[in-house]
Amino acid sequence: MAAAGTCGTGTRSTGSMVAAASTNNVTSFQRRGPRASGADSGCSRLVSIAGTRRSVRNGQLLVSTGLPALDQFLGGGLAVGTLLLIEEDKYNIYSPLLFNYFLAEGIASGHALLVASAKEDPADILQKLPAPLIDHSYKKECDEDICGHKMESDIKMKIAWRYQLFPKMEGGPVLSSGFGHDYDISKRIPQELIETSKWHGFFLPEKISSTFNVESCSLTSGYMKLLQFIQNIIYEEGFDGSNPQKKQKNILRIGIQNLGSPLWGDDICCAENCDASHSVTKFLYILRALLRTSLSACIITVPTHLIQNKAVIARVTNLSDTVVGLESFIGSEKETNPLYKDYHGLIHIRQIPRLNNLIYDISDVKDLAFKLKKKLFTIERLHLPPDLSDTVSRSSKQDLAESAKLLGPGCGMTAGGKKHLDF
């Protein structure tokens, strides 16, 4: 009886709640969002990390490479958990610039850095990073102008109130915590930014030991030490995506310089049939597995022009997500070609990642050139000047006359079948 009374009471209370809801015109369906569950739950589902943004194509988390033009050609930026391979130019002049841009963007965005090199001390590499463009006087003038005309702008915006949410355009290079920054390569990054940033260095001569045995895993000692160092940083600092620690999420930017060179103990650049040809491919395979399960992005520079075995180059390309090649005009015939007088080299985007698929995208942009100015490294579409000489115009007229003679009286008919009329 007690149980029956309890059930009856529950039924009456439920009925009264439904009746009250119907009288107040409140439906039983509730909206999933900040209105139903509060602002905290709505914001917790999409955690925003400084210096990142979501891709408009697939919602993938992106970071900037440090060059806004390169971000645009790569589909908005470099996806978190992917590997960017830079094919070094012949004299290794311009590829370190892309490497430094990537690291400088990490410092400007507040990301953690992991710099690995077998040639130069990572501390010295950080000292050579370009300085972000910060114009404090311009920012101060903008702030004063905004405060001075605040009341006037509010009165004007009352007419079109819906435009209040539109972003205000700025006309100067002011450093912000947004996505992508501009840099001045003629100046070095301030020492204060380096001291406040969090970075880890891996200098191969200091880490390697002659008694390290790696015959069982067929990896060189330098690659094995580097993999262990990267794995420890990812797990200890909480960049592991599968088991995140309870602290503010951040991005780890990994930079590896001159991978595959003899300084790393690899001989793929020394002989066509090398003994450790599979060492660099196994290293990339394990590194990609670490990247896929962590909030990290990696850039690697490889001297592909020194690798004699083309099969090794193909395997290295397939094991990378994004591949960008640099072709310098220094020492080539294009250096004296008047068509390329405004540029210093070409950029070839050989591969763009398509995540969670078996194949990768191929960039539609084929003709890209770069120029190194006094303060900027710019990437532009290659626009060749039109040839308006008299010889070209005369030859074109002769070709048109010959093609007109070959055309038959009927539409689409040709003489001899050499040329066709296309519609």
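The values are calculated or read from the model by the stated rules, or taken from the named source; none is laboratory data. Computed from a predicted structure; not experimentally measured. So basically every Cβ, Gly included, is an ideal-geometry build from the backbone, and we count neighbours across all protein chains shown. Remember, those area values only see protein heavy atoms, side chains included, never the ligands or the DNA or RNA. Shrake-Rupley method; radii C 1.70, N 1.55, O 1.52, S 1.80 Å.
Structure data summary
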| item | result |
| --- | --- |
| Simple label model, 7 Å out from Cα along Cβ direction - LEU263 to GLU206, nm | 1.5 nm |
| FRET efficiency, GLN72 to ALA50 (Cβ-Cβ, R0 25 Å, nearest 0.05) | 0.75 |
| Percent carbon-and-sulfur accessible area, region 76-119, ignoring ligands, DNA and RNA, probe 1.4 Å | 52 percent |
| Relative packing of 345-351, 111-117, 313-319, which averages over residues the other C-beta atoms within 10 Å, highest first | 111-117, 345-351, 313-319 |
| Local electrostatic count, GLY76, Cβ distance below 12 Å [Lys/Arg +1, Asp/Glu -1] | +2 |
| Positive minus negative residues near ILE330 (Lys, Arg vs Asp, Glu; Cβ under 15 Å) | -1 |
| Local electrostatic count, ALA289, Cβ distance below 13 Å [Lys/Arg +1, Asp/Glu -1] | +1 |
| Of ALA314, PRO338, PRO303, farthest towards positive along the dipole that unit charges on Lys, Arg, Asp, Glu beta carbons give region 290-351 | ALA314 |
| Difference of contour (0.36 nm per residue) and Cα-Cα distance, THR293 to GLU195 | 32.4 nm |
